[in-house]
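Undergrad: Below is a structure I'd like to ask you about.
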Amino acid sequence: MRSVLPVLVVVLAILVVWYGAAVWLNSAWTYDQAARAGTHPTLVDVVNDTMAQERPVLPAPHQVARGLWDGVAGQKITSKRSLVWHGWVTLSATLLGFGIGTGLGIVLAVGIVHNRAMDLSVMPWAIASQTIPILAIAPMVIVVLASVGVTGILPKAVISAYLSFFPVLVGMVKGLRAPDGMQLDLLRTYNASRAQTLWKLRLPASLPYLFASLKVGIAASLVGAIVGELPAGATAGLGARLLSGSYYGQTIQIWAALFAAAALAAGLVVIVGAIERATLKRMGMA
Amino acid sequence: MKDVTGAAAPVIEATGLGLTFQTNDGPVHALKGVDLEIGRGEFVSFIGPSGCGKTTFLRCIAALEHPTEGVLRVNGMTAEAARQARSYGYVFQAAGLYPWRTIAGNIRLPLEIMGYARAEQDERVARVLSLVDLEGFGKKFPWQLSGGMQQRASIARALAFDADILLMDEPFGALDEIVRDRLNEELLKLWARTGKTIGFVTHSIPEAVYLSTKIVVMSPRPGRITDVIDSPLPRERPLEIRDSKEFLEIAHRVREGLRAGHAYD
C-alpha cells in the first residue's frame, strides 16, 4: 500500500501539467475563432472550449480517455474502428517479429561464442545495423518484399525482428560467456563436448541475461511493427491508426492509438517479466 | 581393502617436467625440473607458498595446463589421453556447483555428460551422497547449503564416476578451521573406503601432514620440488595423532623444507 501514494501523486502531477498544457496550447484556436466571430470570451469560456475541441493541438486527458474507451469497448472488435482489432493486427506482427528476432539473436550469439571468425565479423555488422534509422529502412523492406510477392504480416515482422534481434544478441553473447574459467575447466575434466558445454552450462547460465534482453526486445518489436505499418499506407494496425489520424488531423485518435500502443508494450513487458520470474524460480536462481 | 603397495606401477610419473609461460614481462618458469612418482592408492599433498607451482602441477596432471618440457604419464598414458579417458575427478577451491541444479542434479552432471543410464545415475548419486554424508540433501539447491556442505557436494560430484584418481586443489582453503578439521577426517575415511589415489594441494602444514602418505614440498621462482617426505604415520589416523611426536617431527621437516626453498630469495 505504501507504494500507492507516490504513484498517485505522480499521476496527479502529470494530469495537472497535461490539463495546463492543453489549455495553453488549444486556447490560440479558441481566441482565433472568437476573433472571427467578433466575440470576447471570458476565461471560463476559453478553458471550457479548450477541453472540448474536435481537433485540439493537445487533447485533454479525458478526451483521450474517452477516445480510448470508445475504441476499445465502444466498437465490435471486428470493426475497423476498434482499437482491439488494430491492436491485434499490430500484436500479431510484433509477436512473429519478436520470435524471429529472438531466434536470430540467439543463433548469432551461439555462433559468435563458438566461432572466432563470427566473433570478429558479425558484431560490427550487428552494431552497424542498429545505427541506420529504422524509418529509413522500413519502406525499403516493405517495397522489396512486396516486389517478390511477400505482403501482409511478414514484412512488418521482418522490421520488428530487425529491431529486436540486437538486444537479444548482445545479452546472449554476454550470457553465454558468463561461466567463469573454473566452470569451463570442470567440464574439461569430464571431457565434455562443446555441444554439452553449451546445453549444460552456457545456455542455463545465460538465461538471466536473455530475459533482460527479451524485455528490451519485445518493446523494440512493437515499435518495429508500428513503424512497419506506416510506409505502405497500411489500413490496419496501430501504426495505420496513427497515420490516418495525422492525415485527417484527428489528434484524439492519434493519442488514443499512442496510449493503446503504450499499454500493449507495458503488458508485453509484464508478461515477459512474469515468465522470467517463474522460470528463474523453477531453476532455483531467484 | 585394496592392495596399496603398488609403488612399482606409478599412477602418476613426472620426469624433468617444466612449464614456462610467456608473458609481457618475459618468460615465467611456473615449473622446472619436476621429477615425481605417485603410486596407486597414495595420498600425496603438495605444499608450498603462492607461486611455487603446486596448483600448476596439479593442473598439468589434469591436462588443464600443458607442460612445455619433460614427460608426464598418468595411468600409463599422456595427461591429455588420461583426461579424455576420464581418469580423474577434480575438486576446485570453490565448490562451483551450478546454482540452477539441485545437489543431486549437480552430482548427476558428470554422469549425464559421460552417458550413464538414468537408473545408474540415480544409484550412483545416492551412493556418493551417503559417502559424503549428505543423504536427504539431494533435492536442495546449493544456496540452501553451508559452504562446507557445498564443498562436500563437489567432492561427491568428483567421486560419482569411476575415476581412480582424485585431484583436489585447496578444496578446504575457503572454510573455517573447525569445518576443515571435520572434512579432513572425513576425507581420510573416504580415501580408506575408496582406495583412490589422491593429489591434494594445500597451504596448511598440519593439513598436509595429517592427510598424506607422501608430502611434496615446493618452492617458487622457478616452481620446483625441494623435498619429498614419505610419512611414517599409520593409515588409520585419529585427529589426536596431530599431538604425537612423529607428527610434529614431520611437520618440522616440512617447515624446514619450506624455509630452505625461501633461502634462495
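The values are calculated or read from the model by the stated rules, or taken from the named source; none is laboratory data. The shown structure was predicted, so the numbers you read here are calculated from the model rather than taken from an experiment. Here the Cβ is made from the backbone with ideal geometry for all residues, glycine too, and neighbour counts use every protein chain on show. Quick note on the areas: whole protein, heavy atoms, side chains included, nothing else; ligands and nucleic acids left out. Shrake-Rupley method; radii C 1.70, N 1.55, O 1.52, S 1.80 Å.
Undergrad: Please return the ranges of helices (runs of 4 or more DSSP H) entirely within region A:171-253 where 2 or more residues are more than 30 Å from A:V57 (Cα to Cα).
TA: Counting at least 2 such residues, we get A:181-189, A:194-197, A:203-229.
Undergrad: Let me ask you something else. Starting from residues that are open to solvent by less than 40 Å² (accessible area, probe 1.4 Å) and part of a loop (DSSP other than H, G, I, E, B), keep the ones in region B:68-101 and report whichever is nearest to B:L175 (Cα to Cα).
TA: The extreme case among them is B:A95.
Yes/no matrix, rows are residues, columns are (1) assigned by TED's automatic domain parsing to the domain that holds B:G33; (2) on the phi > 0 side of the Ramachandran plot; (3) assigned to a loop (DSSP other than H, G, I, E, B); (4) out of contact with any helix residue (DSSP H, G or I) (no Cβ under 7 Å at 6 or more places or on another chain):
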site	(1), (2), (3), (4)
B:N184	yes, no, no, no
B:L190	yes, no, no, no
B:V201	yes, no, no, no
B:R221	yes, yes, yes, yes
B:I225	yes, no, no, yes
B:E240	yes, no, no, yes
B:I250	yes, no, no, no
B:R255	yes, no, no, no
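Undergrad: Among the listed residues B:E65, B:E123, which satisfies the condition of being open to solvent by 50 Å² or more (accessible area, probe 1.4 Å) and among the acidic types (D, E)?
TA: Going through B:E65, B:E123 in turn, the sole match is B:E123.
Undergrad: Here's something else I'd like to know. Scanning for something in contact with a Gly (Cβ under 7 Å, 6 or more places away or on another chain) and at pLDDT 90 or above, does region A:73-87 turn up at least one residue?
TA: Yes, region A:73-87 contains at least one residue that is in contact with a Gly (Cβ under 7 Å, 6 or more places away or on another chain) and at pLDDT 90 or above.
Undergrad: Does region A:7-23 contain at least one residue that is of a type outside the set (A, V, I, L, M), open to solvent by less than 70 Å² (accessible area, probe 1.4 Å) and touching a Gly at 6+ places or on another chain (Cβ under 7 Å)?
TA: Checked against the condition, which is being of a type outside the set (A, V, I, L, M), open to solvent by less than 70 Å² (accessible area, probe 1.4 Å) and touching a Gly at 6+ places or on another chain (Cβ under 7 Å), region A:7-23 yields no hits at all.
Undergrad: Pull up region A:170-189, narrow it to residues that are more than 9 Å from chain B (Cβ to nearest Cβ) and closer than 16 Å to B:Q93 by Cβ, then point me to the one that is surrounded by the most Cβ atoms within 10 Å (Cβ to Cβ).
TA: Among residues in region A:170-189 that are more than 9 Å from chain B (Cβ to nearest Cβ) and closer than 16 Å to B:Q93 by Cβ, the one surrounded by the most Cβ atoms within 10 Å (Cβ to Cβ) is A:L184.
Undergrad: What about A:A265, is it farther than 29 Å from A:A146 by Cα, in a helix (DSSP H, G or I) and open to solvent by less than 30 Å² (accessible area, probe 1.4 Å)?
TA: no
Undergrad: Also, I was wondering about something else. Report the residue count in region B:132-160 for those that are of a type in the set (D, E, K, R), in contact (Cβ under 8 Å) with a residue 12 or more places away in the chain and surrounded by fewer than 18 Cβ atoms within 10 Å (Cβ to Cβ).
TA: From region B:132-160, those of a type in the set (D, E, K, R) are B:133, B:135, B:139-140, B:152, B:157; that's our starting set.
Those still in the list that are in contact (Cβ under 8 Å) with a residue 12 or more places away in the chain too: B:133, B:139-140, B:152, B:157.
Subset that is surrounded by fewer than 18 Cβ atoms within 10 Å (Cβ to Cβ): B:133, B:139-140.
Counting residues in region B:132-160 that are of a type in the set (D, E, K, R), in contact (Cβ under 8 Å) with a residue 12 or more places away in the chain and surrounded by fewer than 18 Cβ atoms within 10 Å (Cβ to Cβ) gives 3.
Undergrad: Shifting gears a bit: Among the numbered criteria (1) closer than 14 Å to A:R241 by Cβ; (2) among the β-branched types (V, I, T); (3) surrounded by fewer than 19 Cβ atoms within 10 Å (Cβ to Cβ), which single criterion is violated by A:T90?
TA: That leaves (3) as the condition not met.
Undergrad: Further question: If you go through region B:103-112 one residue at a time, how many are at the interface with chain A (Cβ under 10 Å from one of its Cβ atoms) and buried (at least 19 other Cβ atoms within 10 Å of the Cβ)?
TA: Step one: list which residues in region B:103-112 are at the interface with chain A (Cβ under 10 Å from one of its Cβ atoms), which gives B:105, B:109-112.
Next, from what is left, pick out any that are buried (at least 19 other Cβ atoms within 10 Å of the Cβ): B:109-111.
Within region B:103-112, residues that are at the interface with chain A (Cβ under 10 Å from one of its Cβ atoms) and buried (at least 19 other Cβ atoms within 10 Å of the Cβ) number 3.
Undergrad: Answer with yes or no whether B:L159 is modelled with pLDDT under 90 and touching a helix residue (DSSP H, G or I) at 6+ places or on another chain (Cβ under 6 Å).
TA: It is true that B:L159 is modelled with pLDDT under 90 and touching a helix residue (DSSP H, G or I) at 6+ places or on another chain (Cβ under 6 Å).
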